[in-house]
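The values are calculated or read from the model by the stated rules, or taken from the named source; none is laboratory data. What you see is a predicted model, and the numbers here were worked out from it, not measured in a lab. In this analysis, Cβ positions are derived from the backbone assuming ideal geometry, glycine residues included, and neighbour counts consider all displayed protein chains. These area figures cover heavy atoms from the full protein model, side chains too; ligands, DNA and RNA do not enter into them. Shrake-Rupley method; radii C 1.70, N 1.55, O 1.52, S 1.80 Å.
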Amino acid sequence: MIRSVIRGVGAYLPQKIMTNADLAKIVDTSDEWIVERSGIRQRHIAAEGEYTSDLAIAAAKKALAMAGREGTDIDLFVVATSTPDDTFPSTASKVQGAIGKPGAPSFDVQAVCSGFIYGLAVADNFVRAGQSKCAMVIGAEIFSRILDWKDRTTCVLFGDGAGAVVLTAEEGKGDTSDRGILSTHLHSDGRHHDMLYVDGGVSTTQTTGLLRMKGKEVFRHAVVNLADAVREALAANNMTIDDVDWLVPHQANRRILDSTAHKLGLDPAKVVITVDQHANTSAASIPLALNAAVQDGRIKPGQILLLEAMGGGFTWGSALVRM
Ligand code: UT7
């Protein structure tokens, strides 16, 4: 059985850091409120003239270096983003044009904060079907450009960044001792599209629009859906929560991460947390967290990782991976 094995991980955060204290100069908020309600201490903000594709390319180069590969080895580029450079062509095509081999396929996936899980699932299916031998999945976002900087209920929660993985097709035995992606599960429920959305678009207002969120409702759905997604992934692999070495969740709110771990009976020390450092970076947050824990040596080859996310749509899902 062919498996998609994660051979490279990389990330990029824009240089400029905006602290909670910096935000308190713009809107009526405080470091204390933001830390207590979300766990966020700072976020990175892209520079003027710096685009989502620039962040994606920087992360991709680091993932390629770790995998010992060149951009020209990549036969599938998937970029998960809700903040593309342009309406079209895709941000993935810009990445492919910059670092890839002419002719290699590229496209964007849009599932907001679940985008990286969706992208990983798509790429994994290409690999397992024999259509890709070396795929790149990137989550890249510049949410700072769709925030209403006058709305304190949303502008304090998001940031910019990118993370990437290189997947290679490798033969496995077909059981959970294999390295690679062991399962992916994707879900959505569009009845809740107005809980977390951008109030503009190509076919509606012909403007980019700004992010709007009913935070409390999103929070409530997130805790339930994420715990269910974890249970679904474990059941599909005949595993229990004790088999998981690391939960690598979408980083939206420290309280969501704590509640999910508590609901699942998971040791909080097994949850990778980076939301304090870069806030909610939507599709970039899982690969950013993955990269942090791989680089500092917490995540080791052979360990079981459970990736999960929930976001606008609503969309949600999981990936169970042996590193
Ligand atoms: O990426 C996936 C999707 N995103 C999420 O998962 C986010 C989900 N939601 C959340 O993380 C939380 O609901 C928030 C962090 C957005 C809000 O936390 P909360 O505990 O639900 O606060 P709240 O919205 O109930 O607001 C409590 C109070 C309100 O004042 P009153 O009405 O009680 O007087 C707000 O006006 O806090 C006020 N408030 C603020 N105060 C200072 C709201 N935002 C701020 C702020 N600074 N930035």
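With 21 Å as the limit, the listed pairs Lys62/Lys133; Lys25/Lys216; Lys214/Lys263; Lys133/Lys173; Lys263/Lys300; Lys62/Lys101 have Lys25/Lys216; Lys214/Lys263; Lys263/Lys300 beyond it between alpha carbons. Within the chain, DSSP assigns beta bridges of which about 75% are antiparallel (rounded to the nearest 5). The residues of segment 180-322 expose, per residue, 41 Å² of accessible area to a 1.4 Å probe. Accessible surface for segment 1-138, divided over its residues, is 44 Å² per residue with a 1.4 Å probe. Segment 187-225 and segment 262-283 have Cα centres lying 22 Å from one another.
Taking springs between alpha-carbon atoms closer than 10 angstrom, which of Gln303, Gln42, Gln96 fluctuates most in the Gaussian network model of the chain? Maximum fluctuation in the GNM of the chain, among the listed residues, is at Gln303. Between segment 68-136 and segment 308-323, the alpha-carbon centres lie 17 Å apart. Its Cα centre serving as origin, segment 189-268 has a Cβ charge dipole (Lys and Arg +1, Asp and Glu -1) of approximately 440 debye.
Annotation: for a label point projected 7 angstrom from Cα along Cα→Cβ of Asp267, residues of segment 201-245 with backbone N closer than 11 Å are 242-245. The spacing between segment 231-255 and segment 284-301, judged by their C-alpha centroids, is 15 Å.
Antiparallel beta bridges, as assigned by DSSP with both residues in segment 2-171, represent about 70 percent of the total such bridges.
Charges at C-beta only: +1 for Lys and Arg, -1 for Asp and Glu. How large is the resulting dipole of the chain about its Cα centre, in Debye rounded to 20?
Numbers: 32 positive and 37 negative charges, 47 e Å.
The calculated dipole for the chain is roughly 220 debye.
With all pairs of different C-alpha atoms in the average, the Kirkwood value for the hydrodynamic radius of the chain is 19.3 Å. For the chain, with all protein chains in place and a probe radius of 1.4 Å, 51% of the accessible heavy-atom surface sits on carbon or sulfur. Computed over the chain, relative contact order equals 25 percent, with contacts defined as Cα pairs under 8 Å that lie 6+ residues apart.
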